[in-house]
Amino acid sequence: MEQKKVLNDKSKLLVGNESELHYVRIDPVEEEYIKVWIKEPTYLQLEKAQMKLFNMNMGKQEVNLDMNEVYRYLWDAFVEKTEPVLTALDLIRLKPFVGRQIRDILPDPFAILEGDADLKEQ
């Protein structure tokens, strides 16, 4: 039987406490930025984000997709802070240019699905 090295330090399995700072440009022509700190996601947070996509109504036997709910959850779960501070009302009113950049730095909850095929092959 093949011997495998067993992990001794479980901290290698866990996400860190540090957030990553990102600079988001506010306009395509201006050299002004906002600061956005993004937390590293856990596996369970990404699973929960995936479930936010589906809005099920068992009474009507309907399933609706709700990307707005996913992005709201991602913002609440992973944006530690912004400078200047953005309120919930500010988020609703974000320019598409800024919103797309923030979306791109948020964790992708569906990226964990891509690794599943690789794991099954091993």
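The values are calculated or read from the model by the stated rules, or taken from the named source; none is laboratory data. Not measured: the values here are computed from a predicted model. When we count neighbours, we look across all protein chains shown, and the Cβ atoms used for this are built from the backbone with ideal geometry, even at glycine.
Points to keep in mind about this one:
- Scanning the range 19-71 for residues that are among the charged types (D, E, K, R) and in contact with a Leu (Cβ under 8 Å, 6 or more places away or on another chain) yields K35, D66, E69.
- Looking at W75, W37, just one residue is under 19 Å from N17 (Cβ atoms) and among the aromatic types (F, W, Y), and that residue is W37.
Table: residues versus (1) in a strand (DSSP E or B); (2) of a type outside the set (S, T, N, Q); (3) closer than 18 Å to K39 by Cα.
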| position | (1), (2), (3) |
| --- | --- |
| N64 | yes, no, no |
| N68 | no, no, no |
| W75 | no, yes, yes |
| E80 | yes, yes, yes |
| L86 | no, yes, yes |
| L89 | no, yes, no |
| L94 | no, yes, no |
| F97 | no, yes, no |
| I102 | no, yes, yes |
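So that you can scan it fast, the table gives a plain yes or no per residue for (1) closer than 21 Å to D108 by Cβ; (2) hydrophobic (A, V, I, L, M, F, W, C); (3) exposed (fewer than 11 other Cβ atoms within 10 Å of the Cβ); (4) in contact with a helix residue (DSSP H, G or I) (Cβ under 8 Å, 6 or more places away or on another chain):
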site: K5; (1), (2), (3), (4): no, no, yes, no
site: K10; (1), (2), (3), (4): no, no, yes, no
site: L13; (1), (2), (3), (4): yes, yes, yes, no
site: E20; (1), (2), (3), (4): yes, no, no, no
site: N55; (1), (2), (3), (4): yes, no, no, yes
site: Q61; (1), (2), (3), (4): no, no, yes, no
site: L65; (1), (2), (3), (4): yes, yes, yes, no
site: V70; (1), (2), (3), (4): yes, yes, no, yes
site: D76; (1), (2), (3), (4): yes, no, yes, no
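- Some residue of the range 13-20 being touching a Lys or Arg at 6+ places or on another chain (Cβ under 9 Å) and touching a residue at least 60 places away in the same chain (Cβ under 8 Å): yes
- Looking only at the range 91-110, residues that are closer than 11 Å to V24 by Cα and acidic (D, E) come to 1 in all.
- Residues that are assigned to a loop (DSSP other than H, G, I, E, B) and either closer than 18 Å to K12 by Cα or at pLDDT 90 or above (or both), drawn from the range 39-61: E40, P41, T42
- Answer residue from the range 89-122, given it is surrounded by 10 or more Cβ atoms within 10 Å (Cβ to Cβ) and small (G, A, S) and is modelled with the lowest pLDDT among those: A111
- Output for the range 1-30, where each listed residue is assigned to a loop (DSSP other than H, G, I, E, B), in contact with a strand residue (DSSP E or B) (Cβ under 8 Å, 6 or more places away or on another chain) and acidic (D, E): none
- Only one entry in S11, S19 is touching a Phe, Trp or Tyr at 6+ places or on another chain (Cβ under 8 Å) and among the small types (G, A, S), namely S19.
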